[in-house]
Amino acid sequence: MTDLFTADALAALFQVIAIDLVLAGDNAIVVGMAAAAVPLAQRRKVIFWGIAAAMGLRVFFALITTQLLAIIGLTLAGGVLLLWVCWKMYRELRSHGADEIAPDEAMDAPDPSGVVTAGVAGNAAVAAAGATTFGAAIWQIVVADVSMSLDNVLAVAGAAKEHPTILVIGLVLSVVLMGAAANMIAHVLHKHRWIGWVGLAIISYVALDMIWRGSNEVLRHMA
């Protein structure tokens, strides 16, 4: 535990916390935007399963992090993947988040089905009209959750480097934030855009560092 109080470890811890915050907020916005596209009666289920899938996938990837990092070339591939995440974040920040919707805001968005619910019969009508949309929304969220959860775990692992304690802290924090505070974080990031820019800079640095270390790893293996 004493290695946590070195300058290098504290810098890594700061990077890990920033990565977890920014990616948890982005993931929550993905869930909120997908939920806003389904009928009102189904939005709570979409939000619940979207957040649950994100938490579950983060736990899964966290449990196999050691095996993932042992794969030659994955650090390089993870760095390239994070660069793609950085590009998407940059575009979102440039647009000032005009189309971003947090999960709680999705509950107040207009009903795209155009059907006003009225008791059980109304709910059934909306469910029938929006069944395809509901399935498409869940699929969209799961695909995004897989990518963003893997991004989160790889970014935390890349930032933690040779500090296993910080790696564990970062992975646990990513799950906790996604489950307990993702909605709040999404609002904070939307209101204070500079936090997103700081997160983008940190993730970009981690991505380039992973590409550098991963390239050397692959070259050594080939030699």
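Only one residue in Ala35, Ala77, Ala11 is part of a helix (DSSP H, G or I), closer than 28 Å to Pro103 by Cβ and aliphatic (A, V, I, L, M). Which one?
Numbers: Ala77 fails: closer than 28 Å to Pro103 by Cβ; Ala11 fails: closer than 28 Å to Pro103 by Cβ.
Sole residue among the options that is part of a helix (DSSP H, G or I), closer than 28 Å to Pro103 by Cβ and aliphatic (A, V, I, L, M): Ala35.
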* To do: Go through the stretch 59-103 and count every residue that is on the phi > 0 side of the Ramachandran plot and open to solvent by less than 70 Å² (accessible area, probe 1.4 Å).
  => 2
* Output the number of residues of the stretch 25-40 satisfying the condition of being within 16 Å of the chain's Cα centre (by Cα), open to solvent by 20 Å² or more (accessible area, probe 1.4 Å) and over 13 Å from Val142 (Cβ atoms). => 2
* Quick one: count up the residues across the stretch 201-223 that are open to solvent by less than 30 Å² (accessible area, probe 1.4 Å) and of a type in the set (Phe, Trp, Tyr). => 0
* Out of the residues in the stretch 41-58 that are of a type in the set (D, E, K, R) and surrounded by fewer than 23 Cβ atoms within 10 Å (Cβ to Cβ), state the one that is nearest to Ile101 (Cα to Cα). => Arg44
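Looking only at the stretch 175-198, decide whether some residue is in contact with a Phe, Trp or Tyr (Cβ under 7 Å, 6 or more places away or on another chain) and not polar (S, T, N, Q).
Just the residues of the stretch 175-198 that are in contact with a Phe, Trp or Tyr (Cβ under 7 Å, 6 or more places away or on another chain), to begin with: none.
No.
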* Structure fact -> Going through (1) assigned to a helix (DSSP H, G or I); (2) open to solvent by 20 Å² or more (accessible area, probe 1.4 Å); (3) at pLDDT below 85; (4) touching an Asp or Glu at 6+ places or on another chain (Cβ under 9 Å) one by one, Thr165 fails only at (3)
* Is it true that Leu189 is surrounded by fewer than 24 Cβ atoms within 10 Å (Cβ to Cβ) and in contact (Cβ under 8 Å) with a residue 12 or more places away in the chain? -> no
* **The lone exception for Glu162 - which of (1) acidic (Asp, Glu); (2) more than 24 Å from Ala102 (Cα to Cα); (3) in contact (Cβ under 8 Å) with a residue 12 or more places away in the chain it fails** => (3)
* For the stretch 109-162, name all the residues that are hydroxyl-bearing (Ser, Thr, Tyr) and either farther than 30 Å from Leu81 by Cα or at pLDDT below 80 (or both). => Ser113, Thr117, Thr132, Thr133
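Would it be correct to say that Ile71 is closer than 17 Å to Asp151 by Cα and not in a helix (DSSP H, G or I)?
Working: closer than 17 Å to Asp151 by Cα: yes; not in a helix (DSSP H, G or I): yes.
It is true that Ile71 is closer than 17 Å to Asp151 by Cα and not in a helix (DSSP H, G or I).
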* Do we have any residue at all in the stretch 176-186 that's under 16 Å from Phe14 (Cβ atoms), open to solvent by less than 60 Å² (accessible area, probe 1.4 Å) and out of contact with any Ser or Thr (no Cβ under 7 Å at 6 or more places or on another chain)? -> yes
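The values are calculated or read from the model by the stated rules, or taken from the named source; none is laboratory data. All figures in this text were calculated on a predicted structure; none of them were measured in a lab. Neighbour counts run over all protein chains shown; Cβ positions are idealised from the backbone, glycine included. Remember, those area values only see protein heavy atoms, side chains included, never the ligands or the DNA or RNA. Shrake-Rupley method; radii C 1.70, N 1.55, O 1.52, S 1.80 Å.
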